Amino acid sequence: MSIGIIGTGLMGQPMAQRLLAAGFDVVAYNRTATKVAPLVAAGATAVTSPVELVRACEVIVLMLTNAAAIHETLLTEDVHPLLAGKTIIQMGTIAPSDSRTLHKALSDLGGSYFEAPVLGSIPEAKAGRLIVMVGSTSEQFDQWRSLLQAFGSEPKYIGTVGTAAAVKLALNQLIGSLTTAFATSLSFVQQQGVDVDSFMGILRTSALYAPTFDKKLDRMVNRHYANPNFPTKHLQKDMNLFQTEAANLRIETSLVQAVQTVLQQAISLGYADSDYSALFSAIVPEERDD
């Protein structure tokens, strides 16, 4: 069985590598063709259009930036007639409402759709240790569990389409809020002349600690934001999605808006494609350091 993957960027590429390692035949498409080259070297087949990929594959994995990219790539007039009988697995981060819209559109075209967004970044993707969250029917989950295990050993069934997308956005909201809160406290103790090791020693032994703090500590202290696992612009996109969905549910989003302001400042400083820990430099610009 050939597995198609559309979107072979930061996360899509190592995920495609996991499919190859698991013994699947992989057909890959990316709008930037050069991003497919490493997969071809590893044994994948590259195609030059979504039409070619859908024709060649029973199952299509989507790892695209947003719902608009999915519509532009897959839900086009030339692809529509080819989608009947195909299974589409949406694994990127999109809004629950967008996922439900895609579910209806693809079902109307005779396709089978479900969502399986992942938590984790490039190291987890390479190692096959992503947390895979599934929004589908129970039958789809049982049918495709072995494929999903190529990405993470224990895929987690959440519920119907939209529920896994909701959990993914909720988790990414925590990424933004926790990291911003940590960066604010870290910059505060630094400016007060407190030894960072002393601060971290207390934090690590408290109920306030989250492992992500240590993952981002060195990047923040040294302002080293290159080679991102998750770029600032992508976190900002997810925070925007969360705010829109939460506002529609009449959930107070002032905290989310504050984080968005910090992320936008980081992007204005030129850190859009840098690791999102660059929000530290928005909180305490370099020229203010002692």
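Computed per residue of the chain from DSSP H runs no shorter than four, each worth -39500 (n - 2.57), the mean residue ellipticity at 222 nm is -15500 deg cm²/dmol.
Cβ crowding within 10 Å ranks Glu124, Glu154 as Glu154, Glu124, fewest other Cβ atoms first.
Note that the chain shows a convex hull volume over its alpha carbon atoms of 140 Å³ per residue. Counting only Cβ charges, +1 for Lys and Arg and -1 for Asp and Glu, the dipole size of region 165-288 around its Cα centre is about 220 debye.
Report the residues of region 141-161 in range of a label on Ala170: point 7 Å along Cα→C-beta, backbone N strictly under 13 Å from it. Counting backbone N atoms under 13 Å from the label point, the list is 158-160. FRET efficiency for the pair Arg223 and Lys126, taken as 1/(1 + (r/R0)^6) with r the Cβ-Cβ distance and R0 = 22 Å, rounds to 0.30. Between amide H atoms placed 1.01 Å from N, distances below 5 Å from Gly110 occur with no residue 5 or more places distant or on a separate chain. Once both labels are positioned 7 Å from their Cα atoms along Cα-to-Cβ, the gap between Ala258 and Ala272 label points is 2.7 nm.
Put simply, the Cα atoms of region 1-149 extend 36, 31, 26 Å along their principal axes, the longest span coming first. With bins 5 Å wide beginning at 0, the percent of Cα pairs of region 165-288 falling in each bin runs 2, 11, 22, 23, 18, 14, 7, 2, 0. Stretching the chain fully between Thr34 and Ala69 yields a gain of 10.8 nm (0.36 nm per residue, less the alpha carbon separation).
Each value in this text was obtained by applying a stated rule to the coordinates, not by laboratory testing. Quick caveat: nothing in here was measured; it's all calculated off a predicted structure. Neighbour counts run over all protein chains shown; Cβ positions are idealised from the backbone, glycine included.
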